[in-house]
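Visitor: First the structure, then my questions, so here it is.
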Amino acid sequence: MGESFTWTGVLHAGIASFLQAPIVKPKAEDLKAVGATHAIYGFPFDHTTLTRPGSSHGPRAVRDASSQYLPYHFDFDLDISEYITLVDCGDVRAIPGSAAKTFAAVESDLEEIYKAGAVPIVVGGEHSTTIPGAAALARASEGPLGLVMFDTHIDTAPEMGGETLTHAAPITRTLENEKYSSQNTVIIGMHGPANPREERQWVEEHGVRMYTMDEVTDRGIKDVTREAMERAWDGTTGVYLTVDLDCLDASYVPGTCCPEPGGLTGRELLQALRIVGEIGYTAFDIAEVAPQYDLGGITARMGCRIILDLLASRIKATKME
Ligand SMILES: [Mn+2]
């Protein structure tokens, strides 16, 4: 790249690492050797999915879609490659049928990424990815920590048929970690008849601040996001962010496990993420891209945008004064 850059050829040629970033093993020494500041890490796992499986193919689809994008982000007028060193650490070696073993492997790899001083960006996979993702941040931090989730679903299932490690439990499992607290946990975008009454009651009993789609519609996404982020950062030393693609209206994300009408527009989510980037996050994940159901790759493309917009917004807020 550089001042003489023009289109140099077919964008989707070559090995599909995320945004053509160098592929580096999730080992602290290897990451330090290349000066990595941000590391893409795939979570190809969907074995606890309640409805339609397929998100284990998400990381590949997101990498493929990323070849259509440039490190220069027009909306922010900056080239992210001039400010950060992004690498692609590949995927967790998921163990078919074992969430526990797979999550342990994720935590171990993310520990290496934190040791190297890099920000992990976990690409799901189903939404259980937040369980090891948030746990790894807790291990790497003094705490206390905040938790921010964009989702159509409440995701506070205590268990499913006795199983506790599921894609309906990222909030419940994370809040069992003493470094996270209900008062610094915010969930945004809940709506629709795929949310059990028991999960709503759990939120009320535990004092998690839930911004429903109705509230977002009344107040506007910017206002809600600002307030939610302030709550997450109130007295904390770090914030873990998770974005379930199904927080978007079904029309924007056909390629997800549980698409739901009535959600955020693509523009609303990007406006929200711009504010999240301005206020700050410590690490983040995206979840539930399931390319089998996608149309024209638009869901995977949105997955890329979430990552690129969060990176560009954070750079604009911190490195370009
Ligand atoms: Mn969801």
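Read-outs throughout are calculated quantities, based only on the coordinates presented, and are distinct from any laboratory measurement. Here the structure is a predicted model, which is why all the values come from computation and not from measurement. Positions of Cβ are backbone-derived with ideal geometry, glycine not excepted, and every protein chain shown enters the neighbour counts.
Visitor: Evaluate the distance, in nm, between pseudo-label points positioned 7 Å from the Cα of ALA250 and of ASP214 along their respective Cα→Cβ axes.
Guide: Result for the modelled spin labels: 2.0 nm.
Visitor: Another question, then. With each pseudo-label sitting 7 Å past Cα toward Cβ, what's the ALA317-ARG139 distance in nm, one decimal?
Guide: About 2.7 nm, to one decimal.
Visitor: Compute the label zone of GLN292 within segment 236-273: residues whose backbone N is under 15 Å from the point 7 Å along Cα-to-Cβ.
Guide: Backbone N within reach: 255-259.
Visitor: Right, another one. Sorting CYS304, CYS247 on the 10 Å Cβ count, fewest up front, what's the list?
Guide: With the fewest neighbours first, CYS304, CYS247 line up as CYS304, CYS247.
Visitor: Based on the mean of other Cβ atoms within 10 Å per residue, sort peptides 283-295, 267-279 so the most packed one is first.
Guide: Peptide ranking by packing, descending: 283-295, 267-279.
Visitor: When only C-alpha pairs under 8 Å and at least 6 residues apart count, what is the relative contact order of the chain, in percent?
Guide: 21 percent
Visitor: A further question on this structure: Quick check on my link table: of LYS179/LYS222; LYS32/LYS179; LYS27/LYS319; LYS25/LYS115; LYS32/LYS101, which ones sit more than 24 Å apart, alpha carbon to alpha carbon?
Guide: LYS179/LYS222; LYS32/LYS179; LYS27/LYS319; LYS32/LYS101
Visitor: Let me ask something else. If one takes the longest principal axis of the Cα atoms in the chain, at what angle in degrees, from 0 to 90 and to the nearest 10, does the Cα axis of helix 99-115 lie?
Guide: 50 degrees
Visitor: Describe numerically, in nm with one decimal, the distance between label points set 7 Å from Cα along Cα→Cβ at ILE15 and at ARG200.
Guide: Placing both labels 7 Å beyond Cα along the Cβ direction yields 5.0 nm.
Visitor: DSSP loop (so not H, G, I, E, B), at most 13 other Cβ within 10 Å: list which trypsin sites (Lys or Arg not before Pro) in segment 67-128 pass both filters.
Guide: ARG93
Visitor: Place a +1 charge on the Cβ of each Lys and Arg in segment 18-318 and a -1 charge on the Cβ of each Asp and Glu, then give the dipole magnitude about the Cα centre in debye, rounded to the nearest 20.
Guide: My answer is approximately 580 debye.
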